[in-house]
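First up is the structure itself, then whatever we jot down about it.
The values are calculated or read from the model by the stated rules, or taken from the named source; none is laboratory data. All of these numbers come straight from a predicted model, not from anything done at the bench. Using ideal geometry, Cβ is built from the backbone for each residue, glycine included, and neighbour counts are taken over all protein chains shown. Surface areas here come from the heavy atoms of the whole protein model, side chains and all, with no ligands, DNA or RNA. Shrake-Rupley method; radii C 1.70, N 1.55, O 1.52, S 1.80 Å.
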Amino acid sequence: AEQAVVAENPQVAGLRDRGVDVRALDAKSEVRARHCDAVEHTEVELGGPEVLAQFPDRTLLLCWPPLGGELVDECLSAYAGSTLVLVGEGEDGCTGFSDQLVHWDEVERVDIPQWRGLHDYLGIWRRR
C-alpha cells in the first residue's frame, strides 16, 4: 500500500479508506481550534514539522498550508524524503508556498474540484 505522512491536515479518512497507510499529524494550534470544528474524522497524532525527519520513506502531503509559507518552509526543512504532494494555489495564490521548492521538480499537476473563485490544484513534486 502507498504510505504518506500528512502534516497539519486531519481530514485523511478518505485516504485511509482507499488503503493508504497514513500518519496524520497536527500541531493542534489555537488558530486551528478557533477556525475548525473539534470533530476528528480519523486518528490524528500530535506533532508538526519537527517530527517529519522520522518519515523519510513516506510521501509528505501538505493540503492548503497557511498563507505566508512558514509552515511549508518548516516542513520541507525537516522532511528528508523525496516526494511531496502539495494541494494549494501555488506561488501566487492564497495558500502557503516556499522558495525551497526551487530544489524540487513539479512532475505532475492534477486538476481537482474547486470552489468558485479558487485556483487550487494537486501538485506532485520530487526532490532534485
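I need the full set of residues from region 105-121 which are open to solvent by less than 70 Å² (accessible area, probe 1.4 Å) and over 19 Å from Tyr79 (Cα atoms), in order please.
Of everything in region 105-121, those that are open to solvent by less than 70 Å² (accessible area, probe 1.4 Å) and over 19 Å from Tyr79 (Cα atoms) turn out to be Val110, Ile112, Gly117, Leu118, Asp120, Tyr121.
Checked against the criterion of being under 18 Å from Leu15 (Cα atoms) and touching a residue at least 12 places away in the same chain (Cβ under 8 Å), the candidates Gly88, Gly93, Gly69, Gly81 yield just one match: Gly88.
Sort out which residues of region 76-85 are open to solvent by less than 10 Å² (accessible area, probe 1.4 Å) and under 12 Å from the mean Cα position of the chain (by Cα), and write them in order of number.
Leu76, Tyr79, Leu84 - these are the residues of region 76-85 that are open to solvent by less than 10 Å² (accessible area, probe 1.4 Å) and under 12 Å from the mean Cα position of the chain (by Cα).
Taken over region 82-98, the criterion of being under 17 Å from Arg128 (Cβ atoms) and in contact with a helix residue (DSSP H, G or I) (Cβ under 8 Å, 6 or more places away or on another chain) is satisfied by Leu84, Leu86, Ser98.
Of the candidates Asp99, Asp73, the single residue that is within 21 Å of Ala53 (Cβ to Cβ) and open to solvent by 70 Å² or more (accessible area, probe 1.4 Å) is Asp99.
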